[in-house]
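K.L.:
Take a look at the following structure, please.
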Amino acid sequence: MSKKSKRAIYALLLAGAGILPCWEALADVSSSRVAAVSAARQRDDFARLFDSAKGLNEALKRVSKQNKVDNDAVIRAGELKMDAAKAALAEGRLADARVLLDDAYLGSKLAIIELMQQHLGTSALAPRGEPAGPDERNGYVARMESTKTLRDALVRVAGEKSDETARAEVGVIDRLLRQADGLVAEQQVRRGRAVLDHAYLRAKVQLERLRGGETLVRALQFDTPQDEYRYELDRNESYRMLVPLLVPPGGPNESGMKAHLLRAGKLREDADSMAGHGNVEAAIRIIEESSGEYQEAIRTAGVLLPG
């Protein structure tokens, strides 16, 4: 994303959060500092989420054209959702903005996974060619239980408040849960987890909307550092999948590309190790570096890729 675009998003976020310069705010310095910190965090999270959604959508456009696969509907839907996310942000609907961005990202990611399966086989979807392990399956089960708990709470609160929007959202969530379980039944655990995480987010956002108050502002933030690490891990995996789809074997820059890939893999291992020892914040920084190396590998091979 260009600096100009980021500045525009930041301005929208500040306006949407109601953080505008005024004499009353200046009278309470402590309150202003708290608001500024919150706005800065939301600003960074939204910009990062937007970059990820846009980058993946552009990558999908390129690999679809390169592999002669018609994903125009998915690509256009992603573009519309990103535009709608910016509009929601401008209106102060932070939760809607987050859901729209996540939806756009998910659509592109699932389409890229489908391409990966068609051209390289299912085994290529796992890091280092390994199948999804018991930790991932256990994580899926735990997230499913959490999502169902949120879903049941949403049904209850929607009934109490007679909220038709929330009731309709329950139907969407139920469809996503069935889709996630279907994918896992087909041994596509990571793909199922991506769908499940989106269902979780939608349930969480609707509950926060119905409860109102300051909780809604947290919709752009991750629940825990572990959730943020999972997001960055997913983003890292997306770029890893793009490499064989975008870059055919051989080429004059292959040695330079391989150097970036080796660094990306090593950084990924370091991040996993840090996260496993509880140093999640450091792991987030390292996994971001790994994603950057995958992007550089693609660019070194002569493929222009945003993000």
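K.L.:
Three principal axis extents, largest first, for the C-alpha atoms of the range 222-307, in Å?
P.N.:
Taking the Cα atoms of the range 222-307, the three principal extents are 42, 20, 14 Å.
K.L.:
Give me LEU176, LEU262 sorted ascending by neighbouring Cβ count inside 10 Å, so fewest comes first. Write down the numbers at each step before the final one.
P.N.:
Working: LEU176 21, LEU262 12.
By the 10 Å Cβ count, ascending, the order reads LEU262, LEU176.
K.L.:
Something else about it: How high is the FRET efficiency between LYS65 and THR165 when r is their beta carbon distance and R₀ equals 35 Å, given to the nearest 0.05?
P.N.:
0.40
K.L.:
For every other residue with a beta carbon closer than 14 angstrom to the beta carbon of ASP72, add +1 if it is Lys or Arg and -1 if Asp or Glu, then tell me the sum.
P.N.:
Combined, the nearby Lys, Arg, Asp and Glu give +2.
K.L.:
Among LYS86/LYS148; LYS109/LYS258; LYS109/LYS266; LYS161/LYS204; LYS68/LYS109, which pairs are too far apart, with a Cα-Cα distance over 20 Å?
P.N.:
LYS86/LYS148; LYS109/LYS258; LYS109/LYS266
K.L.:
Okay, next question. For a footprinting-style exposure proxy, rank GLU169, GLU281, GLU79 by other Cβ within 10 Å, fewest first.
P.N.:
The order, fewest Cβ neighbours first, is GLU281, GLU79, GLU169.
K.L.:
Let's test the formula: R0 of 25 Å, r as the Cβ-Cβ distance of VAL157 and ASP83. What FRET efficiency results, to the nearest 0.05?
P.N.:
0.25
K.L.:
Another one. Can you compute the modelled spin-label distance between ALA259 and ASP44, with each label point 7 Å from Cα toward Cβ, in nm?
P.N.:
3.1 nm
K.L.:
As a test of the definition: which semi-axes, in Å, follow for the range 131-221 when you take the square root of five times each eigenvalue of its alpha carbon gyration tensor? Largest first, please.
P.N.:
26, 14, 9
K.L.:
What are the ³J(HN,Hα) values, in whole Hz, obtained from phi via the Karplus relation 6.51 cos²θ - 1.76 cosθ + 1.60 with θ = phi - 60°, for each residue of the range 279-287 in sequence order, with x given for Gly and Pro?
P.N.:
For the range 279-287, the Karplus curve yields 8, 6, 4, 5, 4, 4, 5, 5, 5 Hz.
Bear in mind that the values in this text are calculations on the coordinates, not laboratory data. Computed from a prediction, not measured in an experiment: that's the story for all the values here. Ideal geometry is used to build each Cβ from the backbone, glycine not excepted, and the neighbour counts take in all protein chains shown.
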